[in-house]
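This report refers to the structure that appears directly beneath it.
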2 protein chains.
Amino acid sequence: MTEEKLKEKNKEKDNIIFVGNKPHMSYVPVVIAILNSDKYEEVILKARGNAISRAVDTAEIVRNRFLTGTEIKDIKIGTEPVTNSEGRNSNVSSMEISLNFKK
Amino acid sequence: MTEEKLKEKNKEKDNIIFVGNKPHMSYVPVVIAILNSDKYEEVILKARGNAISRAVDTAEIVRNRFLTGTEIKDIKIGTEPVTNSEGRNSNVSSMEISLNFKK
């Protein structure tokens, strides 16, 4: 892989935030920092299962309280297979919220 | 309001489902029944707070397991003011998923 392609790949990954079980105020500053950076004008929030509502909270707090020019560019929902600790397979809902902030 | 307008108004409301704290399999049959009816080809799932992930589960189960031709027409997120039992005001995240099923 050329250096340029590698940079391109890293660039794609850097602005994706996985929202998990921490309180939403753990994710809000990260989103703000990325959107305020020169590198990106987009952040993608990803969440699964119960964390989905936390991803929505994070997006709403960023755009209502901090960076009011932030736009919701896209929202996708889906289903992902998961294997639990006992080896059983099941499905979990997932969500992706793309936020856009033009500086 | 004329009878026609009243019908029009009820028609708009009938296919909105508020997803709350019941298990998602309480909402899935309702969505299927509405989408299968002659009256509508669209259902709007609304949810707030923690119920948001349940609305996503409901939409995903309907379109993956039951009515596989169901399309996600639109997803909106927002913030709504709420007053709790002690009279304190706060905000809660909300979500709307529009599902479309062409018979």
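Each reported figure results from applying straightforward, stated rules to the coordinates on display, with no laboratory input. What you are looking at is a predicted structure, and each value in this text was computed from that prediction instead of being measured. Every residue, glycine among them, receives a Cβ derived from its backbone with ideal geometry; neighbour counts consider all protein chains shown.
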Out of (1) closer than 23 Å to A:V62 by Cα; (2) touching a residue at least 40 places away in the same chain (Cβ under 8 Å), the odd one out for B:E42 is which?
(1)
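So, restricting to strands (runs of 3 or more DSSP E) that lie completely within region A:5-103, which ones have at least 2 residues that are within 12 Å of chain B (Cβ to nearest Cβ) and either exposed (fewer than 13 other Cβ atoms within 10 Å of the Cβ) or of a type outside the set (D, E, K, R) (or both)?
On the way: elements: A:16-19, A:42-48, A:71-83, A:89-100.
Where strands (runs of 3 or more DSSP E) fall fully within region A:5-103 and carry at least 2 residues being within 12 Å of chain B (Cβ to nearest Cβ) and either exposed (fewer than 13 other Cβ atoms within 10 Å of the Cβ) or of a type outside the set (D, E, K, R) (or both), they are A:42-48, A:71-83, A:89-100.
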